[in-house]
Amino acid sequence: MPPTQLDRSRQPDDVSPQAPHPLPRSVLFALLWSIATAVTAISWALDLLPHPFGDADQIAIGAVFNTSDPLIGTAFTLVVALAGVACALVMRRTWHGPAAVVPSAPLLAAWGIVAALTLVLLHGSLLAFLGYTVVLPFLAWFEPALLPAFVAAVTRPDTIFQLTATLGAVLWGNAALRYRRAERAACVTCGRTPGWSVTDEARTRSRALRTGQVASWVAAGGLLIYPAMRIPWLFGIRIGVDAETWAQLQEEGVEAGIALGLAGLVGAVLIAGLVRDWGVHVPRWMLGLAGRRVPIAAAVAPAIVVTIGFVALGRGTLMGALTGALGGRGGGVASGADVGMHVVAFGALLPAGVALAVAAAAYAVRRRAECRVCGQGTVDVAVRDLRTAAVTGRP
């Protein structure tokens, strides 16, 4: 079979440059999210659904629209959603396949939507919710009252909106990524450009490993500040709270703080796995799964969600510190040095979140195998093999 026919046989008919490419599912999902969010915002304005902008305590963690009339936050949400609808429709009209030249305006708009969701509408309660979701199965044994409280929190309008806004950020980020690949005339599935070689693959993976190592250590280092404030509670050492709050915690229980601190410690270990061999193959001590390859999505998808939570809490904490809102009781701590420690611990999550996003992206690039669409690429290899190749200079 001639090479040209072989190449064509690897590509589905709908990516042919001669015919318009159908609307990618990533853009379609982003469009559906935007329509649903616009309808929801209109429902808030008409009092058909409760709005999520009423909790004054969340001002301390970056809920910028909770300080004013709820219509302002509703209007901003509606504008973001309508911008998403327009952006998706423009993407559809300008999308003609991976080999086509597409304009940059929709790409900028898509990333603008991601920024509006992550840096404005999302705030620190998202990461708190994610943290309690992880530790609740263990905490429920010590504090049974947490379970009904958690169920009540899940059904709150602000929690629902934080989760749907996170989903929107993920969907629009994915749509922007694939549109950017089309703009570069690259494969929208794997991002490789035409003529990709084995040497290109080896060079890119080595570079991704080096970048991921630096980023993962920055992310893990920023995250470990919080466990350093909570794990000492296990030994009765008061750190991060004033004497009055500590006495109250002694009566009500310190299990939640300790559990969240341990969860942060586990999170740092998992971040390190992005640049370790056990992040590629399941470790031997995990019976039943030992030796199996870790699916890329199983590592990248949680990292993306946690990244959004880190950035939202870090931004919210720094904003609360600058406005003075963090020093109030609504911020969960007293004043003075205790507030400063929380500003450092939570504010560090902003750069940690950015670093985690870089580490997750480097992990995905390093581990991508042969693409099922364009047919380019090679099987992913262990970290130790990449290091050996870097030393010997062989791909």
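The values are calculated or read from the model by the stated rules, or taken from the named source; none is laboratory data. Please read all numbers here as calculations on a predicted model, not as lab measurements. In this analysis, Cβ positions are derived from the backbone assuming ideal geometry, glycine residues included, and neighbour counts consider all displayed protein chains. Side chains included, ligands, DNA and RNA excluded: accessible areas come from the protein's heavy atoms. Shrake-Rupley method; radii C 1.70, N 1.55, O 1.52, S 1.80 Å.
Put simply, when 372-381, 290-299 are sorted by average Cβ atoms within 10 angstrom per residue, most first, you get 372-381, 290-299. In this rough spin-label picture, where each label sits 7 Å from Cα along the Cβ direction, the T67-S43 distance is 3.0 nm. Each semi-axis of the equivalent ellipsoid for the chain is √(5λ) with λ an eigenvalue of the Cα gyration tensor; in descending order they amount to 40, 29, 17 Å.
Heavy-atom accessible surface of R181, to the nearest 10 Å², is about 40 Å², with a 1.4 Å probe and all protein chains retained.
Residue separation of A228 and L32 scaled by 0.36 nm, minus their Cα-Cα distance, works out to 66.3 nm of gained length. Summing Cβ point charges (Lys, Arg +1; Asp, Glu -1) relative to the Cα centre of region 188-333 gives a dipole of roughly 780 debye. May I ask you to derive the FRET efficiency for L82 and T133 from their Cβ-Cβ distance with R0 = 22 Å, giving the value to the nearest 0.05? Efficiency for this residue pair is about 0.10.
Between V154 and S104, residue separation times 0.36 nm minus the direct Cα-Cα distance comes to 14.2 nm.
Applying 1/(1 + (r/R0)^6) with R0 = 30 Å to the Cβ-Cβ distance of E370 and T94 gives a FRET efficiency near 0.55. Counting 0.36 nm for each residue step from L289 to T193 and taking away their Cα separation leaves a gain of 31.1 nm. Simple point charges give the picture: +1 on the Cβ of Lys and Arg, -1 on the Cβ of Asp and Glu, and for the chain a dipole about the Cα centre of about 2040 debye.
Note on D200 and L163: with the Förster distance fixed at 30 Å, the Cβ-Cβ geometry gives a FRET efficiency of about 0.15. Calculated mean residue ellipticity at 222 nm for the chain: -21000 deg cm²/dmol, from DSSP H runs with n ≥ 4 weighted as -39500 (n - 2.57), summed, divided by the residue count and rounded to 500. Each residue of region 120-129 was assigned a 3J(HN,Hα) from its phi angle through the Karplus curve 6.51 cos²θ - 1.76 cosθ + 1.60 (θ = phi - 60°); the sequence is 10, 7, 7, 9, x, 5, 4, 5, 4, 5 Hz, with glycine and proline shown as x.
Does region 223-358 come out rounded, prolate or oblate by the C-alpha gyration tensor, with a ≥ b ≥ c the root eigenvalues, rounded set by a/c under 1.5 and, if not, prolate when a/b is larger than b/c and oblate if not? It is oblate, given that a/c is not under 1.5 and a/b is not larger than b/c. Couplings 3J(HN,Hα) for region 179-196, derived from phi with the Karplus relation 6.51 cos²θ - 1.76 cosθ + 1.60 (θ = phi - 60°), are 5, 4, 4, 5, 5, 8, 6, 9, 5, 6, 8, 10, x, 6, 8, x, x, 4 Hz, where x marks Gly and Pro.
Between the amide H of H281 and those of V294, distances stay under 5 Å, these residues lying 5 or more places away or on another chain, with hydrogens modeled in the peptide plane. In the chain, with Lys and Arg counted as +1 and Asp and Glu as -1 at Cβ, which of these residues, G236, L167, P157, has the Cα nearest the positive end of the dipole, that is, farthest along it? Looking along the dipole axis, the top candidate is L167.
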